[in-house]
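Asks: Dumping the structure here so I can ask a few things about it.
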Amino acid sequence: MYQARRHAENRFVPLRHLRYHVRTWGTSRPGVPPLVMVHGWMDVGASWQFVVDAMAQDRFVIAPDWRGFGLTEVPPTDQFWFADYLADLDFLLDALVPEGPVDLVGHSMGGNVAMLYAGVRPQRIRRLANLEGFGMPAMPAGKAPRRHAQWIDELKALERGEKALKPYADAEGVAQRLMRTNPRLPADKAAWLARHWARPVTAADGSTQWQILGHAAHKVVGAQVYRVEEALAHFAAITAPVLVVEASDNEMPRWWGDRYTLAEFHERLRAVPDCRRALVTDAGHMLHHDQPAQVARLIEDFLA
């Protein structure tokens, strides 16, 4: 199994009526802003371990589990609203970094949160690195009725148990699932991740199963249409320098076909006042797992 090079501390922070789990590495030093790293959909804060281990500098790093993921408490809900992630991040910074700006890194969904948050609270961000956080395809307002209908139908499917996350017999089964999803993920890292991505639970028949640490409501489609003009307004309000990091294996066609392309994403980035791009070679969407040394070097060079 992968052996972590840098030890992480675990703590729980009371946040917006939830018990939020946060992993931290290193210690805070005067004059060096904390580095906050936020994970993507169906992931956990521990996912950043490989990048933290690959960093040359011993930074103070903060990596929360988003609500309903990892060890953070699950709110009593059947729907997760995107705006809650922005508020959670703001409350988290108030609790852990009450003064001064931070450096912010986000992957995938976390990259989208980071981009919007940097427009909401520009004074709180010194530098921002967005790893594969592309946003969503444009959704015309005319699709709103159909979108709401889909949302209600999926809420009913969730209630019927049709969106439940599959359990696994053991941690090895979870590791195999991770490697099927990402064929580039080495077995030693998959084995390590599996024990942070899932946990053993006792079933009704007394047997032990490994359950993914993500709430099934995360699989319910968002109720609102994605409005590109709102995202661009957030982008335009960002004052921090932004680094957008992409993987050499572009997976956007697999997700969205021709409804949303990399070229369209690059066009949206023109709204960001200070933006540059970088590419990680021999990597897919989980580039922080595929090439942690490349990602760490890009982040550190940018933050320096």
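No value in this document is a laboratory result; all are computed from the given coordinates. Bear in mind that the values here come from a model prediction, so they are computed numbers and not experimental data. A quick note on method: Cβ atoms are made from the backbone with ideal geometry, for glycine too, and the neighbour counts reach across all protein chains shown.
Asks: Once the piece of chain linking Thr77 and Ser248 is laid out straight, how much longer is it, given 0.36 nm per residue of separation minus the C-alpha distance between them?
Replies: Working: separation 171, 0.36 × 171 = 61.56 nm, distance 3.72 nm.
Gain on stretching Thr77 to Ser248: 57.8 nm.
Asks: Right, here's the next one. Would you kindly state how much longer the chain becomes between Arg259 and Ala187 on full extension, computed as 0.36 nm times their sequence separation minus their alpha carbon distance, in nm to one decimal? Display every interim value, and only then the final one.
Replies: On the way: separation 72, 0.36 × 72 = 25.92 nm, distance 3.45 nm.
Contour length minus Cα-Cα distance gives 22.5 nm.
Asks: Can you classify the stretch 173-304 as rounded, prolate or oblate using the Cα gyration tensor, where a ≥ b ≥ c are the square roots of its eigenvalues, rounded means a/c under 1.5, and otherwise it's prolate if a/b beats b/c and oblate if not? It would help to have the intermediate numbers written out before the result.
Replies: Working: a/c = 2.23, a/b = 1.57, b/c = 1.42.
In terms of gyration-tensor shape, prolate.
Asks: Which log10 I(q)/I(0) values, to two decimals, does the stretch 150-230 give at q = 0.20, 0.22, 0.25, 0.27 Å⁻¹ under the Debye formula with one point per Cα?
Replies: Log-scaled intensity ratios, in q order: -0.92, -0.98, -1.08, -1.16.
Asks: Please arrange Leu89, Leu232 by how many other C-beta atoms lie within 10 Å of their C-beta, fewest to most.
Replies: Working: Leu89 26, Leu232 18.
Neighbour counts put them in this order, fewest first: Leu232, Leu89.
Asks: Can I ask one more? Considering only Val201, Val221, Val280, give the residue with the highest GNM mean-square fluctuation for the chain, with springs between Cα atoms whenever their separation is below 10 Å.
Replies: Greatest mean-square fluctuation among the candidates belongs to Val201.
Asks: Among Phe69, Phe265, Phe50, which one shows the biggest mean-square fluctuation in a GNM of the chain, springs joining Cα atoms closer than 10 Å?
Replies: Greatest mean-square fluctuation among the candidates belongs to Phe265.
Asks: Follow-up question, since we're still on this one. For the stretch 221-290, what number results from the quotient of the Cα radius of gyration and 2.2 N^0.38 Å? Before the final figure, lay out the partial values.
Replies: Numbers: Rg = 13.6 Å, N = 70, 2.2 N^0.38 = 11.1 Å.
Rounded to two decimals, the normalised Rg is 1.23.
Asks: So, in nm, how far is label Glu9 from label Glu159 when the simple model puts each one 7 Å beyond its Cα toward the Cβ?
Replies: 4.5 nm
Asks: Could you work out [θ]222 nm for the chain from helices alone, using -39500 (n - 2.57) per DSSP H run of at least four and dividing by all its residues? Round to the nearest 500 deg cm²/dmol.
Replies: Values: 11 runs with 108 residues, N = 304.
Mean residue ellipticity at 222 nm (helix-derived): -10500 deg cm²/dmol.
Asks: For the stretch 254-304, run through the trypsin sites (Lys or Arg not before Pro) and keep only the ones in DSSP coil with at most 13 other Cβ atoms within 10 Å of their Cβ. Please list the in-between numbers first.
Replies: Values: sites: Arg254, Arg259, Arg268, Arg270, Arg276, Arg277, Arg297; in loops: Arg259.
Listed in order of number, the matching sites are Arg259.
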